[in-house]
Amino acid sequence: MSTSTLDMPRLGNHLPTIDTTSYPYIFEKNVSVALQNRGFIRCNVYRPKVPDRDAKFPVLATYGPYGKDVHYLHFNPPSYAEVNPDHKSDHSAWETPTPRYWTERGYVVVRADEIGTGQSPGFLDALSAATIDSFCDLIEWASEQAWCNGKVGLLGISYFGTTQWQVAARRPKGLAAIIPWEGFSDYYRDACRHGGILSNGGLDKIWHRQIGSNQYGLPGRAARNWGDDTIEGSLSEKELEANRAMIVSEARKNKFRDEPRFASVNYNLENIEVPILSVANWGGIQLHLRGNVQGYIYAGSQFKYLRFIVGRHDLPFYYPEEVNIQHSFFDAFLKGHDRVGWSRKGAIPPVDLILRKGNVGYNNPKAEGQFLRRQENEWPIARTQYIDMFLGHYGSLSWRRPGANLPCKVQYDAFASDDSRQFVSFTSVPFEAETEVTGHIVAHLNVSVGRHRWQTTNPSDMDLFLSLRHILASGDEVFYTGTTGEPAPVTMGFLRVSLRKTNPKHPRHHPWLPHRDYLSIDTLPVVSNEVYGVDVEIWPTNVIVQKGERLVLDIGSCELAGSGIFQHDDPDDRSESTFKGFNFVHFGAGYDNYIRLPIIPNRG
């Protein structure tokens, strides 16, 4: 559903307010922008205050459901307390550029409420086709304003980075460059259904706390410091319910990429032609990381760059060194002032890695500053050597393939009352020399399901949860910073075994990254005690394992440690009637199990 079930307020009924004295910039609040579907949205415009009234500036635009008028301080007080002081101001907002900072540097900031949120009327359906259509209309409107030089850039974290990929593929007039900062590019694979498994936990929390709490017409927003009350007045609960679609509900109903919710936002990354700086966080192993890497690989842009960071998803965006990079990138493509070389092909290596070496702790920005950087000319790194580490039935990981042993299997339990029975671990021998693992990992496993004794039904599917962990020579585990500051493993992977089918003929299928179409016709049976060989995509990563240290691969039937808020525990998607039973990994002749690691040899 893409239009409101209520009568839309008429465009122009409410005039924007303009403040030219209270701030070091001109502030226009609740500016109405007409949409091509005859609806409208409202935005705030923050313009540089300069003597020349005819001056023109590039625009940085954001569009999203979190509330253009919700101050960062109220949205997330603990996070705001840690933000770089240069980005604390009267109009700071969660995950978006700070107007004071950017207007001082000659940019206009346009911040819009998405349809159905804040002060923008209509049907609330976040990350839908209507989201992208209206964002395109906003960009084209901004590019045509008297105060714009005709060029628009997109900058923002997470939701405000995610939409950039689809919008750029639509090529709206005026769009000149994008910086999708920790923004997934594949709604199905990166966010909603990891390996086909519904990722309900994080999306549900984001919906209730950040999106549904800002719905257009919701009463009481001003009283709880969540922006302003709706200009046209509040709506009843019945009207509110009729005027929204919840992310998790839609993802639960639509299990495959060819079903309406996902098909409506399908697009081709190769259609993107504007310059891109894709910023990926090694710790974003359940929402953003994969999409930033895939977006960089397949975007059709002549100028595209991939930068890796570490830390929580909220703070690095505002670090001085990262803001300087944002500034120089936009100056190059929106102002034509390239002081670094972004716009000169080959002047800057396109890939900038941060190397995770040593145990610096987690959720500690100062300590993470010890990690070094290295630049590369491509991704995946051309000199990568893909080497298999083999699983042994006795819980080992080894560079040597096991001998032709008699068939055997390792067992763990889906829906066991004791969490420790729901996964098995495979531990490597101590590494003999420092080894860098950087890139994409694939796990090949031979698995089956079976019923418990006296269980009345047979399990008919199997979910695989994989986690790669880093263990010091002392035996202590190295934890990395997850998206919300939780202790996280090196990386994770997921697969629903009924969706194991790959498409080797697809141009994005590689030995280091199996491609799955996830179509409704791709479902395969899972029969009890039948052994299936599956390739599990593990999200891209970097870790430097030093001499004497180990890697551990956990294989589970449920969420593993370090998942944070991103749980896969929806009772409909993962029902006991379908999944409860024993899970097995099989060993023996014809049953090689291994993880294919991307090993980076020293350059010299």
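Taking the options Val424, Val429, name whichever one is in contact with a Ser or Thr (Cβ under 9 Å, 6 or more places away or on another chain) and either in contact (Cβ under 8 Å) with a residue 60 or more places away in the chain or hydroxyl-bearing (Ser, Thr, Tyr) (or both).
After ruling out the rest, the residue left standing is Val429.
Would you point out the residue of segment 310-321, among those that are touching a residue at least 24 places away in the same chain (Cβ under 8 Å) and in a helix (DSSP H, G or I), that is nearest to Thr484 (Cα to Cα)?
Only one residue tops the list, namely Pro316.
Within segment 198-211, does at least one residue satisfy the condition of being in contact with a Leu (Cβ under 9 Å, 6 or more places away or on another chain), in a loop (DSSP other than H, G, I, E, B) and at positive phi?
No: zero hits.
If I filter segment 368-377 for residues that are of a type outside the set (A, V, I, L, M, F, W, C), touching a Lys or Arg at 6+ places or on another chain (Cβ under 6 Å) and within 26 Å of His510 (Cβ to Cβ), do I get at least one hit?
The answer is no; no qualifying residue exists.
Restricting to segment 251-300, name every residue that is among the hydrophobic types (A, V, I, L, M, F, W, C) and out of contact with any strand residue (DSSP E or B) (no Cβ under 9 Å at 6 or more places or on another chain).
Ala263, Val265, Leu269, Leu287
If we only count strands (runs of 3 or more DSSP E) wholly inside segment 332-407, which ones have 1 or more residues that are surrounded by fewer than 14 Cβ atoms within 10 Å (Cβ to Cβ) and at pLDDT 95 or above?
In segment 332-407, 372-376, 385-392 are the strands (runs of 3 or more DSSP E) which contain 1 or more residues that are surrounded by fewer than 14 Cβ atoms within 10 Å (Cβ to Cβ) and at pLDDT 95 or above.
A quick yes/no check of all residues on (1) touching a strand residue (DSSP E or B) at 6+ places or on another chain (Cβ under 6 Å); (2) assigned by TED's automatic domain parsing to the domain that holds Tyr594; (3) more than 23 Å from Arg290 (Cβ to Cβ):
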| residue | (1), (2), (3) |
| --- | --- |
| Phe390 | yes, yes, yes |
| Arg453 | no, yes, yes |
| Thr457 | no, yes, yes |
| Tyr480 | yes, yes, no |
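Can we say Phe57 is closer than 24 Å to Thr163 by Cα and among the aromatic types (Phe, Trp, Tyr)?
Yes.
Rundown of residues vs (1) within 26 Å of the chain's Cα centre (by Cα); (2) closer than 18 Å to Pro459 by Cβ; (3) touching a residue at least 24 places away in the same chain (Cβ under 8 Å), yes/no style:
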{"position": "Val534", "(1), (2), (3)": "yes, yes, yes"}
{"position": "Trp539", "(1), (2), (3)": "yes, no, yes"}
{"position": "Glu549", "(1), (2), (3)": "no, no, yes"}
{"position": "Ile555", "(1), (2), (3)": "yes, yes, yes"}
{"position": "Gly564", "(1), (2), (3)": "yes, no, yes"}
{"position": "Asp572", "(1), (2), (3)": "yes, yes, yes"}
{"position": "Thr578", "(1), (2), (3)": "no, yes, yes"}
{"position": "Asn583", "(1), (2), (3)": "no, yes, yes"}
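Residues to consider are Tyr386, Tyr394, Tyr362, Tyr412; find the one that is among the hydroxyl-bearing types (Ser, Thr, Tyr) and under 22 Å from the mean Cα position of the chain (by Cα).
Tyr362
Answer yes or no: is there a residue in segment 556-563 that is closer than 21 Å to Leu355 by Cα and crowded, with 20+ Cβ neighbours inside 10 Å.
Checking segment 556-563: at least one residue is closer than 21 Å to Leu355 by Cα and crowded, with 20+ Cβ neighbours inside 10 Å.
Asp52 passes all but one of (1) under 30 Å from Gly336 (Cβ atoms); (2) buried (at least 19 other Cβ atoms within 10 Å of the Cβ); (3) of a type outside the set (Ser, Thr, Tyr); which number fails?
Failed condition: (2).
Could you please tell me which pairs satisfy a Cβ distance under 9 Å, a separation of 6+ or placement on different chains, a first residue in segment 501-515 that is under 11 Å from Val442 (Cβ atoms), and a second residue that is among the polar types (S, T, N, Q)?
Trp512/Thr384; Leu513/Gln294; Pro514/Thr502; Pro514/Asn503
Can you name the residue in segment 168-210 that is among the aliphatic types (A, V, I, L, M) and touching a strand residue (DSSP E or B) at 6+ places or on another chain (Cβ under 7 Å) and is also surrounded by the most Cβ atoms within 10 Å (Cβ to Cβ) among such residues?
In this case the residue turns out to be Ile178.
Would you confirm whether or not segment 522-530 contains a residue that is charged (D, E, K, R) and either surrounded by 19 or more Cβ atoms within 10 Å (Cβ to Cβ) or closer than 24 Å to Gly475 by Cα (or both)?
no
When segment 177-202 is examined, which residues are found to be of a type in the set (A, V, I, L, M) and under 11 Å from the mean Cα position of the chain (by Cα)?
Answer for segment 177-202, where residues must be of a type in the set (A, V, I, L, M) and under 11 Å from the mean Cα position of the chain (by Cα): just Ala191.
Just to be sure before I move on: is Trp147 more than 19 Å from Leu35 (Cβ to Cβ), touching a strand residue (DSSP E or B) at 6+ places or on another chain (Cβ under 9 Å), of a type outside the set (Ser, Thr, Tyr) and buried (at least 24 other Cβ atoms within 10 Å of the Cβ) in the structure I sent?
Criteria not met by Trp147.
Which condition breaks for Gln36 when tested against (1) of a type in the set (S, T, N, Q); (2) in a loop (DSSP other than H, G, I, E, B); (3) surrounded by 24 or more Cβ atoms within 10 Å (Cβ to Cβ)?
That leaves (3) as the condition not met.
Collect the residues in segment 530-568 that are touching a helix residue (DSSP H, G or I) at 6+ places or on another chain (Cβ under 6 Å), of a type outside the set (A, V, I, L, M) and over 20 Å from Pro514 (Cα atoms), keeping them in residue-number order.
Those that are touching a helix residue (DSSP H, G or I) at 6+ places or on another chain (Cβ under 6 Å), of a type outside the set (A, V, I, L, M) and over 20 Å from Pro514 (Cα atoms): Gly556, Ser557, Cys558, Phe566, Gln567.
Is segment 104-111 home to any residue that is more than 22 Å from Asp228 (Cα to Cα), buried (at least 19 other Cβ atoms within 10 Å of the Cβ), out of contact with any Leu (no Cβ under 8 Å at 6 or more places or on another chain) and assigned by TED's automatic domain parsing to the domain that holds Pro180?
Checked segment 104-111: no residue is more than 22 Å from Asp228 (Cα to Cα), buried (at least 19 other Cβ atoms within 10 Å of the Cβ), out of contact with any Leu (no Cβ under 8 Å at 6 or more places or on another chain) and assigned by TED's automatic domain parsing to the domain that holds Pro180.
The values are calculated or read from the model by the stated rules, or taken from the named source; none is laboratory data. Values in this document were obtained by computation on a predicted structure and should not be read as measured data. In this analysis, Cβ positions are derived from the backbone assuming ideal geometry, glycine residues included, and neighbour counts consider all displayed protein chains.
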